[in-house]
1. Could you check residue 113 against (1) within 26 Å of residue 152 (Cα to Cα); (2) open to solvent by 70 Å² or more (accessible area, probe 1.4 Å) and say which number it fails?
2. Checking residue 78 against (1) free of Cβ contacts under 8 Å to residues at least 40 places away in the same chain; (2) closer than 15 Å to residue 42 by Cα, which test does it fail?
3. Cβ-Cβ distance below 6 Å, separation of 6 or more or different chains: which pairs start in the stretch 34-57 with a residue that is farther than 17 Å from residue 146 by Cα and in contact (Cβ under 8 Å) with a residue 24 or more places away in the chain and end on one that is outside any helix (DSSP H, G or I) and of a type in the set (Ser, Thr, Tyr)?
4. Collect the residues in the stretch 116-143 that are open to solvent by 50 Å² or more (accessible area, probe 1.4 Å) and within 29 Å of residue 156 (Cα to Cα), keeping them in residue-number order.
5. Is it the case that residue 146 is open to solvent by 50 Å² or more (accessible area, probe 1.4 Å), at pLDDT 90 or above and in a helix (DSSP H, G or I)?
6. Taking the condition under 16 Å from the mean Cα position of the chain (by Cα), open to solvent by less than 40 Å² (accessible area, probe 1.4 Å) and not acidic (Asp, Glu), does residue 94 pass?
7. Exactly one of these conditions fails for residue 81: (1) open to solvent by 70 Å² or more (accessible area, probe 1.4 Å); (2) at pLDDT 90 or above. Give me its number.
8. Can you tell me which residue among 41, 71, 66 is out of contact with any Lys or Arg (no Cβ under 8 Å at 6 or more places or on another chain) and either among the acidic types (Asp, Glu) or at pLDDT 90 or above (or both)?
Amino acid sequence: MTVSPELSPPVTTTAPPPPPPLTGAFDRLAPRLHRYGLGMLRAGLGGVFVWFGVLKVIGLSPAAALVVAVLPFPAGGWFVPALGWAEIALGVWLMSGRARAAALPVLTAHLCGTFAVLVLTPAVAFAHSNPLLLTLVGEFVVKNVVLLAGAVVVLTRPGRPEAGFTEAP
């Protein structure tokens, strides 16, 4: 039995519509941006640590009073500047990309130490004793979750091929 051409559906050979211009441009630009993203993140994180550290060292940090208030021991005038120098060292360490395996636990301990505010002085971090209502101090502390996540990404990336590692696909 043969089928008459009148009963067959017509065959169309139209191409799908092209993607919107911005989508195509983004798809071409994204791999280039991604290639530099880890370096940008490393520089940004390190820069923030250096900046905050310098403010503590020179006595102009708005967080200095908070640091002293949360400490479970009496801190002399040396503690905040010493913490500032430690933050400067952490920032430079982050930016250098060296000894990442050692940097991660040190940086994690430092950032987790900032969460002591939430536990030791919750009235300063939460409005009306509600853990969902952050004060300005609470927001300042909770943003460290993002710094910690960024540090984990930067410090655990695969090494450079010349160092004996290969990049992940």
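1. Going through (1) within 26 Å of residue 152 (Cα to Cα); (2) open to solvent by 70 Å² or more (accessible area, probe 1.4 Å) one by one, residue 113 breaks only (2).
2. The single condition residue 78 does not satisfy is (2).
3. Final answer for the pair search is 55/61.
4. Once the filter is applied, which keeps residues that are open to solvent by 50 Å² or more (accessible area, probe 1.4 Å) and within 29 Å of residue 156 (Cα to Cα), the stretch 116-143 yields 119, 139, 140, 142, 143.
5. Working: open to solvent by 50 Å² or more (accessible area, probe 1.4 Å): yes; at pLDDT 90 or above: yes; in a helix (DSSP H, G or I): yes.
Here the answer is yes, as residue 146 does meet what is asked.
6. Yes, satisfied.
7. (1)
8. 41
The values are calculated or read from the model by the stated rules, or taken from the named source; none is laboratory data. Since we're looking at a predicted model, the values are computed, not measured. Because the Cβ atoms are built from the backbone with ideal geometry, glycine has one as well, and the counts that use them run over all protein chains shown. Accessible surface is based on the protein model in full, side chains and every heavy atom, while ligands, DNA and RNA are left aside. Shrake-Rupley method; radii C 1.70, N 1.55, O 1.52, S 1.80 Å.
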